[in-house]
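S.K.: Quick one: the structure is below, questions incoming.
The values are calculated or read from the model by the stated rules, or taken from the named source; none is laboratory data. Model, not experiment: these values are computed from the prediction. Every residue, glycine as well, gets a Cβ built from its backbone with ideal geometry; the counts of neighbours run over all protein chains shown. The accessibility values were calculated without ligands, DNA or RNA, using every heavy atom of the protein model including side chains. Shrake-Rupley method; radii C 1.70, N 1.55, O 1.52, S 1.80 Å.
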Amino acid sequence: ERGHDGDEELGGALDWSSVVAALPGKTEEQCRIKWAEVGPRDEDWTPAADAVLLDAAKAHNGHDWHTIANEAAADDNFAPAFSAAQCLERYQRGLNVEMKTVAWTTEEDAVL
């Protein structure tokens, strides 16, 4: 869900000082909150963006999602810019083969 866990969730890969400079009268916090409302959504992921994300995630062994998001954002095939949280969520829920193929038992579900 968008914008639910602090600044890292709200567009971590963007240069917020540049955004604020382009929007006189708006604070960084206001811009981050608005971005969470109007920024990229799950349906904005393309096969090309998925490939860029996978490459960046592999390069960093699936760790340091701010770096992964920033590296992916530098690629022309990765548009629009997704936050670190969006990248992590996409990787965990849609791209990580290990996460997708693990079977859970009813007992494990209950413990979780």
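S.K.: I'd like to compare 60-73, 25-38, 82-95: which one has the highest average count of other Cβ atoms within 10 Å, and what's the full order after that?
M.R.: My ranking of the peptides, most packed first, is 82-95, 60-73, 25-38.
S.K.: Can you send over the solvent-accessible area of residue 104, 1.4 Å probe, protein chains only, in Å² to the nearest 10?
M.R.: Counting only protein heavy atoms, residue 104 exposes about 150 Å² to solvent.
S.K.: I need the calculated FRET efficiency for the pair residue 108 and residue 46, taking r as the beta carbon distance and R₀ as 30 Å, to the nearest 0.05.
M.R.: Efficiency, rounded to the nearest 0.05: 0.35.
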